[in-house]
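The values are calculated or read from the model by the stated rules, or taken from the named source; none is laboratory data. Being a predicted model, the structure only gives us computed values, none of them experimental. We place every Cβ from the backbone using ideal geometry, glycine too, and count neighbours over all the protein chains shown.
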Amino acid sequence: MQLTSPDFPRNAAHALHDAALQRALGNLKAGFPGKRAAAVARLPEFEALRDLGRDLKNHIIEHLDYYLEQFEASVQRQGGQVHWARDAEEARAIILGICQRAGAKTVTKGKSMVSEEIGLNEHLAAHGIEPIETDLGEYIIQLRGEHPSHIIAPAIHVNLDQVSDAFHQHHQQYGKHERQTEPRALMNEAREILRDKFLRADVGITGANFCIAETGQTVIVTNEGNGDLTQLLPRVHIAITSIEKVVPTLEDAATFIRLLARSATGQEISVYTTFSAGGRRAEDLDGPEEFHVVLLDNGRSQMVGGEQQDMLRCIRCSACMNHCPVYGAIGGHAYGWVYPGPMGSVLTPQLVGIEHAAHLPNASTFCGRCESVCPVRIPLPRLLRNWRAREFERHLTPQGYRFGLRAWAWLTRRPALYCGLTRLGARLLRWLGGRSRRIRSLPLAGGWSAWRDMPAPQGRTFQALWAERQRAAGMEGKR
Amino acid sequence: MTESTKRAPAAGRRVALLATCLVDLFRPTVAFAAVKLLEDAGCHVEVPVQTCCGQPAFNSGDRADARALAEQLIAAFEGCDYVVGPSGSCIGMLRHYPELFEAGSAWQVRAAALADKSYELLAFLVDVCGVEQVDAHYAGCVTYHDSCSGLRELGVKAQPRKLLASVSGLQLKEMEEAEICCGFGGTFCIKYPEISNRMVSDKCASIVASGADTLLAGDLGCLLNIAGKLKREGSTIRVRHVAEVLAGVADEPAIGDGE
C-alpha cells in the first residue's frame with residue numbers, strides 16, 4: 001500500500017474533521033477498553049499472566065533461530081512446507097508462485113496484517129489472480145478500495161450507511177438489487193455471496209497468530225469462522241506470517257491465547273481458535289492437499305539484540321491502539337501505513353525506514369496508557385523515545401524545533417543567566433496578560449494559542465521570591 | 001512562632017524542593033504551597049538553585065543535553081535526604097535519569113541514588129511522611145484529573161483523594177475518564193496542535209459534565225493546558241494545583257482567571 005506517513009499532520013487534520021469517522025471512533029473508545037477491563041477483572045491472575053507472556057516472548061526471541069528451525073522440521077514432518085521470505089518482495093513471489101503452480105484463478109483470504117504488510121492483494125490482482133477477503137470487515141473495505149484502519153477491526157472507520165452503499169453497489173452483479181440497511185440482513189447477504197467464493201477458491205490464504213514449534217501447527221484466532229472455510233475448502237492452504245509468531249509448545253500457545261482475546265475484545269477466548277497441522281492425510285475426509293507456511297522476516301531479525309527488540313513480543317491484540325487517545329482522535333488511516341497506533345508507531349519506522357515515518361514516534365504524549373494495557377508489557381513509550389533519539393542523531397528532527405531545543409538547553413545549563421531571564425520573562429508575560437491574566441495570542445506558540453489562552457504567570461519567579469524569604473528570615477534571626 | 005522555629009526539622013527529613021520550571025516561572029504559589037505542606041509534615045525544606053529537569057530534551061531524543069541537565073540537577077540536589085516536587089511528570093523524569101548513563105558508571109550510581117529518593121509531593125506526604133489529613137478549608141465542588149506520569153509512572157492515584165477528603169467544605173465529584181491524557185504532552189501540544197486540541201476539548205467536556213466548579217490536578221503543564229482551553233471556551237470553572245487547596249493558600253486568582 002502507498003505510504004502516507006510523511007503526511008501525518010495533514011492526514012490527522014483530515015481525520016479530525018471527518019464527522020463520520022469521529023462517530024465511529026467514539027464507538028471504539030466506548031467499547032473495547034471497558035470490555036477489556038471487565039475481562040481482566042474476571043481473571044485474578046491476569047497480571048501474573050502478563051509477566052509470563054513477557055518472559056516467554058523474551059525467551060523465544062533469544063532463541064528465535066532454534067524455534068524457527070524446529071517449527072520448519074515439524075511442518076515438514078506433517079507433509080507441509082515452510083518458505084523463508086527475507087522481505088516483502090520475496091514473500092509476494094513465493095505466494096504468487098504457489099498460486100500459479102496450483103493454477104489458481106481466485107484465492108480466498110482470512111484476515112492477515114502480514115499480507116497487508118507485503119501488499120499481497122495488489123500483487124495477486126496484477127498477475128490475474130482475484131483475491132477475495134472473507135473476514136466481514138476486510139470484505140467491506142476491499143469493496144470500498146481501502147486498507148484496514150485497525151489491526152483487528154479493519155473496518156472500524158466505516159459506518160452502517162457506508163456498508164449499505166458498498167454492498168448495494170457491488171452486489172448488483174449477484175442479483176442483489178435491494179439496498180439492505182439492517183446489520184443482520186447485510187451480514188446474510190455477504191455470507192451468501194462469500195459462500196460461493198469459498199467453494200470456488202483454488203487457494204486459501206490465512207495469517208497465523210502463532211506457529212507452534214513442537215507440533216508444526218499454525219493457529220488462527222477469529223470470530224467469524226471465515227478463516228476455517230478459507231483454509232479447509234480450497235486445494236491449497238498458505239499461511240503467511242512473520243518470524244516472531246513462533247512459540248515453543250502447545251502449552252505456550254495456550255498462555256498467549258488466554259492473553260490475546262481478553263486484551264483485544266474482552267472475550268475470554270475468541271469464537272474460533274483453529275489449529276492447522278499440515279495438509280489432508282489419507283484418512284481425512286477433508287482439508288487442503290497442500291499446506292505452505294510463508295515466514296516473513298522483513299527487518300525483524302535485525303531487531304534482535306537491538307534497542308527495539310521488545311517490540312518483537314507483540315501479539316497484535318490492538319489493546320494499545322484501543323486505549324491510545326491519539327489513535328482515538330484520528331483513527332488508523334492517518335498513520336499512513338499498515339500498522340497504526342502505538343505499536344505501529346514503533347514498528348513502521350523499522351519496516352519502512354525512520355526517514356519515511358519520522359512523525360509517528362513523535363505523535364504521542366507518552367501518556368503510557370498503551371504500556372499499561374499491553375499483554376506482554378512492551379514499554380511502548382520507551383521504544384517511541386528511542387526512535388526520537390535516532391531521529392535527533394540523524395538530524396531528522398525539524399531544524400527549527402532542533403534549534404529551539406538546543407538554545408533552551410544551552411540556557412538551562414547556565415542557572416544564573418536562566419534565573420535572570422526567567423525573572424524578566426515572568427514580568428513580561430504577566431504584563432502581557434493584563435487584568436484578565438490571560439494571553440490570547442503568543443508569537444512562536446501559534447499552535448497553542450489558536451485553540452487555547454495562555455494563563456499568564458503570577459509575575460515573580462518562585463526562586464526570586466524564595467531568596468527574598470530566606471533573606472528576610474535571616475535578618476529576623478539576627479535581630 | 002517565628003519563621004525559623006516553625007521550619008525546624010521535626011522528623012529530621014531534609015527535603016530538596018524541585019519547584020519545576022513551570023511552577024517557578026508561572027505559579028510560585030504552588031511551590032509555596034508545597035513548602036507549607038512539607039513543613040507541616042515536619043520536613044526541613046531547601047531550595048537548591050534549579051532550572052529544568054531535562055525532560056523536554058529527553059523526550060525529544062536529545063540525549064546529550066538531557067544527560068548534561070541530569071548531571072546539573074543531581075549535583076545540586078543529591079545532598080538532601082529526599083527530592084520532592086509538585087509534579088508527577090518532572091519527578092518521573094528524575095526516575096528516568098539512570099537510563100541516561102552507562103551502566104555501572106559513577107554518574108549512573110549517583111543518578112540511581114537520586115531517583116530512589118525522589119518523590120511526587122502527595123505520594124511523599126502520604127506514603128513517606130504518613131500524613132493522614134490536612135488542615136484546610138475549601139468551599140467548592142472539585143473534580144480531579146489524574147496526570148499521566150504521576151498516575152502511570154509513579155502510582156499517584158489514592159494519595160490526592162485521601163488528602164482532599166480531609167479538606168473541610170470540599171466535595172469531590174469524579175469525572176468520567178479522569179485517567180485519560182489531557183493532550184498537553186510537553187512539546188506534543190506545539191508539534192501536533194490539532195490533535196492536542198481535540199484531546200483537551202474531550203477532557204474539558206468531561207470536566208464540565210462532572211458538574212464540579214473546580215478542576216484540580218498535580219501537574220502544572222496539564223493545568224495550563226486545561227485552564228487555557230476552559231477559559232477560551234468561556235468556562236467559569238476554577239483551575240488550581242491540588243497543593244494550593246491542600247495547603248489552604250487558594251486565595252490567589254485561579255489559573256487563567258483575572259483579578
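General observations
- Any hit, region B:85-92, residues being assigned to a loop (DSSP other than H, G, I, E, B), touching a Leu at 6+ places or on another chain (Cβ under 7 Å) and facing chain A (nearest Cβ under 10 Å): no
- Only one of the listed residues (A:GLY266, A:GLY287) is assigned by TED's automatic domain parsing to the domain that holds A:GLY368, surrounded by 15 or more Cβ atoms within 10 Å (Cβ to Cβ) and at pLDDT below 95. That residue is A:GLY287.
- Residue in region A:3-17 that is more than 21 Å from the chain's Cα centre (by Cα) and in a helix (DSSP H, G or I) present: no
- Checking A:VAL338 against (1) in contact (Cβ under 8 Å) with a residue 60 or more places away in the chain; (2) buried (at least 24 other Cβ atoms within 10 Å of the Cβ), the condition it does not meet: (2)
- Given (1) surrounded by fewer than 20 Cβ atoms within 10 Å (Cβ to Cβ); (2) at positive phi; (3) within 12 Å of chain A (Cβ to nearest Cβ), index of the condition B:GLY169 fails: (3)
- Among helices (runs of 4 or more DSSP H) entirely within region A:120-224, having at least 1 residues that are of a type in the set (A, V, I, L, M) and either free of Cβ contacts under 8 Å to residues at least 12 places away in the same chain or not assigned by TED's automatic domain parsing to the domain that holds A:PHE71 (or both) singles out A:120-126, A:160-170, A:183-200.
- Residue match in region B:121-136 (condition: away from chain A (no Cβ under 14 Å), buried (at least 18 other Cβ atoms within 10 Å of the Cβ) and in a strand (DSSP E or B)): no
- Each residue in region A:322-368 was checked for being closer than 20 Å to A:LEU16 by Cβ and within 8 Å of chain B (Cβ to nearest Cβ), and 9 pass.
- Just one of (1) more than 25 Å from B:ARG238 (Cα to Cα); (2) in contact with a helix residue (DSSP H, G or I) (Cβ under 8 Å, 6 or more places away or on another chain); (3) in contact (Cβ under 8 Å) with a residue 12 or more places away in the chain fails for B:GLU102. It is (3).
- For region A:400-442, residues that are part of a loop (DSSP other than H, G, I, E, B), among the charged types (D, E, K, R), under 24 Å from B:GLU252 (Cβ atoms) and more than 7 Å from chain B (Cβ to nearest Cβ) total 1.
- Residues of region A:443-466 that are surrounded by fewer than 24 Cβ atoms within 10 Å (Cβ to Cβ), within 7 Å of another protein chain (Cβ to nearest Cβ) and modelled with pLDDT under 95: A:ALA445, A:GLY447, A:TRP448, A:ALA450, A:TRP451.
- Selection over region A:200-236 of residues that are closer than 10 Å to A:LYS109 by Cα and of a type outside the set (A, V, I, L, M) gives a count of 7.
- Considering the conditions (1) buried (at least 23 other Cβ atoms within 10 Å of the Cβ); (2) touching a residue at least 40 places away in the same chain (Cβ under 8 Å); (3) under 30 Å from A:ARG414 (Cβ atoms); (4) touching a Gly at 6+ places or on another chain (Cβ under 7 Å), B:LEU69 is excluded by exactly one of them, (2).
- B:ASP65 meets the conditions (1) within 14 Å of another protein chain (Cβ to nearest Cβ); (2) part of a helix (DSSP H, G or I); (3) under 19 Å from the mean Cα position of the chain (by Cα); (4) not β-branched (Val, Ile, Thr) in every case but one. The failed one is (3).
- Residue in region B:173-182 that is free of Cβ contacts under 8 Å to residues at least 24 places away in the same chain, outside any strand (DSSP E or B), within 13 Å of chain A (Cβ to nearest Cβ) and closer than 21 Å to A:ALA329 by Cα present: no
- Taken over region A:365-397, residues that are of a type in the set (Phe, Trp, Tyr) and in a helix (DSSP H, G or I) amount to 2.
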